[in-house]
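For reference, the structure discussed in these notes is given below.
The values are calculated or read from the model by the stated rules, or taken from the named source; none is laboratory data. These numbers were taken from a predicted model, which means no experiment stands behind them. Every residue, glycine among them, receives a Cβ derived from its backbone with ideal geometry; neighbour counts consider all protein chains shown. To get the accessible areas, we keep the full protein, side chains included, count just its heavy atoms, and leave off ligands, DNA and RNA. Shrake-Rupley method; radii C 1.70, N 1.55, O 1.52, S 1.80 Å.
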Amino acid sequence: MSGPRVLLDPTSEQRPVQRERVSRPASLEGLTIGLLDISKNRGDVFLDRVESHLTERGLTVNRYRKPTFTRPAPVELQQQIATECDVVVEGLAD
Amino acid sequence: MEPQPDGLIAVVKQDCPTCTLVEPVLQQIGKAECSLTVYTQDSPAFPSGVTTVIDDTALEHSFRMNIEAVPTLLRFENGKPAARAIGWHRGEWEAVSGLENLGTDLPETRPGCGSKSVEPGIAERLAVQFGDSKLSSRRVEVGDLEDEMEACFERGWTDGLPVVPPTEERVLRMLEGTRRKPDDLVGIVPPNNNTCNVEKVAINAVMAGCRPEYLPVVLAAVEAVLMEEFGMHGLLATTFFAGPMVVVNGPVARQIGMNARINALGQGNRANATIGRALQLVIRNVGGGIPGGVDRAMLGNPGKYTFCFAEREDDSPWESLAVERGFASDTSTVSLFAASGVTPIMDQASRDPDALCRSFAACLRANGHPKHANTSPPVLVVSPEHTQRFKHAGWSKTRFRETLNNYLEIPVEELVTGAGDIPEGISMDRVVDRKTMPKFRAGTLHIVRAGGDAGLFSAIIGSWGGTESVSREITS
């Protein structure tokens, strides 16, 4: 069958179909910030600057690196970031 | 779609011997001075020798004209069917067409074949494609890059296991299992007290993996848990282990292939597995009962995925649970219990029924805590081999129950706080002037027979204090 695949909502329909994104924190105070280098050229330069700005403000920063930008992060790395950080910044482009 | 022009319409398929038999008749009608349009369901080249043959392999015309069998000959007047002949019947064809001497070398009558538009699985697809949907639930589009199974997980619709994606076609097929209308109210589902209609139950039954013929059982189970005395809201919200358990009695259990025998409380039977699961999905999806939300179970139990079985009635020496509750033996029922998990009773030595009662009572006494009394009665599942012991001794279910109750009168000195150096127990002010207390409230155990032929074991399925077991007749 062509056209979009459509399912019938099994719930009481009291929430919007479009799921909401997690809201951004009002402040970074007390949060752990992950900086993810996706292995794109000079991404580390950008993230080094971000790190120095954040640490100057006394914030906790963890650094992570994907083996290659051509594929999604390995599951272990995703899980590590999700369990160690409250927010993540990643450098996408070169 | 354009309305049909006035004139004669025939709907045929080449695969039908009666349709090929009447091919010369269609040619005969076509040659006479009247307009004839033939819709063909399988082969656009059939029938030969007729001017206007329309390809209806998509079956849209057949669906819209409500064709149930082929050949069907219709006469349209003012855009509406004014006369209809189904199969081959010379007199009827002549009446509909207004022509004489049709197919004189053919037999007088010949029944037709089923229309392709009403074949199993096809009718629902056509209803979704071309019909005015009678379903009112919100449509949720699955994204191009989304896997539809994953989409159900992502939206929080599952119990942790995969569900069957509830497409409109599947839900329409599920609704064939009941005479009730999709918008018929089933009840108000806790914890969020949301209204639930037959359609929502059908959607969740699809997701659970039910066949349409299970739907009346699921509907009865949902209605039963919503009865005030069952206390579904409390059962969901308690920190205790329990969830709803369904016991099915009566002919429906056999009709839909439920398991009352080997591994009756375990995995492997579709009806047992999916009926209990559908009930839990209704609580989750319609009611909003989510573990960690209003579901506060400290540990829960695996029966909260699904817990449903049938009583083994056909070779039982005792009246069934449903008959004990006042239903006729040929009535199908669901009985709902709060179930906290299965505890085995193992007695392979007692041959005398009285000794077996003492054995059962000793095991039952530990239910919840050996020093608790007046608690909510569990379900005692008596195995066929244990039932045999009572049958051979000529014991009725009533005698079995009364003897058990007798042995479940516990001396209060064993129950009170501090007895056995255990603080847990009955406070002294509750036992004034009493020498014994019954283990279970009002002394009423629920007794059900189930299981395979071999095994001198029975089972205790513990309850939860805030509930009363309820039963309800299953209607179609």
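Compute the helix-to-body angle for A:75-84: its Cα long axis versus the longest principal axis of chain A, expressed 0 to 90° and rounded to tens.
Roughly 70 degrees, rounded to the nearest 10.
Using per-residue counts of other Cβ atoms within 10 Å, averaged over each peptide, order B:35-44, B:409-418 from highest down.
Highest to lowest by the protection proxy: B:35-44, B:409-418.
What residues have an amide H closer than 5 Å to that of residue B:447, excluding those fewer than 5 places away on the same chain, when H is modeled at 1.01 Å from N in the peptide plane?
Residues meeting the amide H criterion: B:380.
Helix B:397-407 versus the longest principal axis of chain B: what is the Cα-based angle in degrees, 0 to 90, to the nearest 10?
For helix B:397-407, the angle is close to 30 degrees.
Modelled label-to-label distance, residue B:298 and residue B:385, 7 Å Cα→beta-carbon offset: nm?
Those two pseudo-labels are separated by 3.5 nm.
Under a 1.4 Å probe, what is the accessible area of segment A:36-91 per residue, stated in Å²?
Heavy-atom SASA per residue in segment A:36-91 reads 69 Å².
Between 0 and 90 degrees, rounded to the nearest ten: what's the tilt of helix B:198-208 against the longest Cα principal axis of chain B?
Roughly 80 degrees, rounded to the nearest 10.
Using a 1.4 Å probe, how large is the accessible area of residue B:396, given in Å² and rounded to the nearest 10?
60 Å²
Roughly how much of residue B:185 is accessible, in Å² to the nearest 10, using a 1.4 Å probe?
Here the residue's solvent-accessible area equals roughly 100 Å².
Just to be sure I understand the curve: with the Debye formula and one point per C-alpha of segment B:138-191, what is log10 I(q)/I(0) at q = 0.14, 0.19, 0.21, 0.30 Å⁻¹?
Ignoring solvent entirely, the Cα scatterers give -0.53, -0.89, -0.99, -1.15.
Points 7 angstrom from Cα along the Cβ direction at residue B:119 and residue B:138: gap in nanometres?
Computed distance between label sites residue B:119 and residue B:138 equals 3.7 nm.
Mind checking the full-extension length gain between residue B:95 and residue B:427? Use 0.36 nm per residue of separation minus the Cα-Cα distance, one decimal, nm.
Gain on extension, residue B:95 to residue B:427, equals 110.6 nm.
Which whole number gives the average, over all residues in B:324-336, of C-beta atoms from other chains lying within 10 Å of the residue C-beta?
Averaged over the peptide's residues, the number is 0.
Solvent-accessible area of residue B:213, probe 1.4 Å, all protein chains present, reported in Å² to the nearest ten, please.
80 Å²
Cα centroids of segment B:250-327 and segment A:39-78: how far apart, whole angstrom?
So the separation of the two Cα centres works out to 51 Å.
Leaving out ligands and nucleic acids, note down the accessible area per residue over segment B:286-351 with a 1.4 angstrom probe, in whole Å².
Details: 3020 Å² over 66 residues.
So segment B:286-351 comes to 46 Å² accessible per residue, rounded to a whole number.
Give me the distance in nm between label points sitting 7 Å out from Cα along the Cα-to-Cβ direction at residue B:195 and residue B:330, one decimal.
Between residue B:195 and residue B:330, the label points sit 3.8 nm apart.
Run the numbers for residue B:358 and residue B:109: contour at 0.36 nm per residue of separation, minus the present Cα-Cα distance, in nm.
This chain segment gains 82.3 nm when fully extended.
If a/c stays under 1.5 just call it rounded; otherwise compare a/b with b/c (prolate if a/b is bigger, oblate if not). Do that for segment A:36-91, with a ≥ b ≥ c from the square roots of the Cα gyration tensor eigenvalues.
oblate
Taking a ≥ b ≥ c as the square roots of the eigenvalues of the Cα gyration tensor of the protein assembly as shown, is the shape rounded (a/c under 1.5), prolate (a/b larger than b/c) or oblate?
It comes out oblate by the Cα gyration axes.
Given the pairs B:304/B:435; B:80/B:134; B:13/B:134, which span a C-alpha to C-alpha distance of over 27 angstrom in this model?
Exceeds cut-off: B:304/B:435; B:13/B:134.
Compute the label zone of residue A:45 within segment A:54-94: residues whose backbone N is under 17 Å from the point 7 Å along Cα-to-Cβ.
Those under the cut-off are A:91-94.
Estimate the FRET efficiency between residue A:62 and residue B:369 by the formula 1/(1 + (r/R0)^6), using the beta-carbon distance for r and 41 Å for R0, to the nearest 0.05.
Numbers: r = 48 Å, r/R0 = 1.18.
After rounding to 0.05, the efficiency reads 0.25.
Can you give the average number of partner chain beta-carbon atoms within 10 Å of each beta-carbon in peptide B:184-194, as a whole number?
1
In whole percent, and with a 1.4 Å probe on the protein chains, what portion of the accessible area of segment A:36-91 is carbon and sulfur?
Values: 1880 of 3850 Å².
Here it works out to 49 percent.
Going from most exposed to least, what order do B:93, B:395 have by accessible area with a 1.4 Å probe?
The ranking, largest first, comes out as B:395, B:93.
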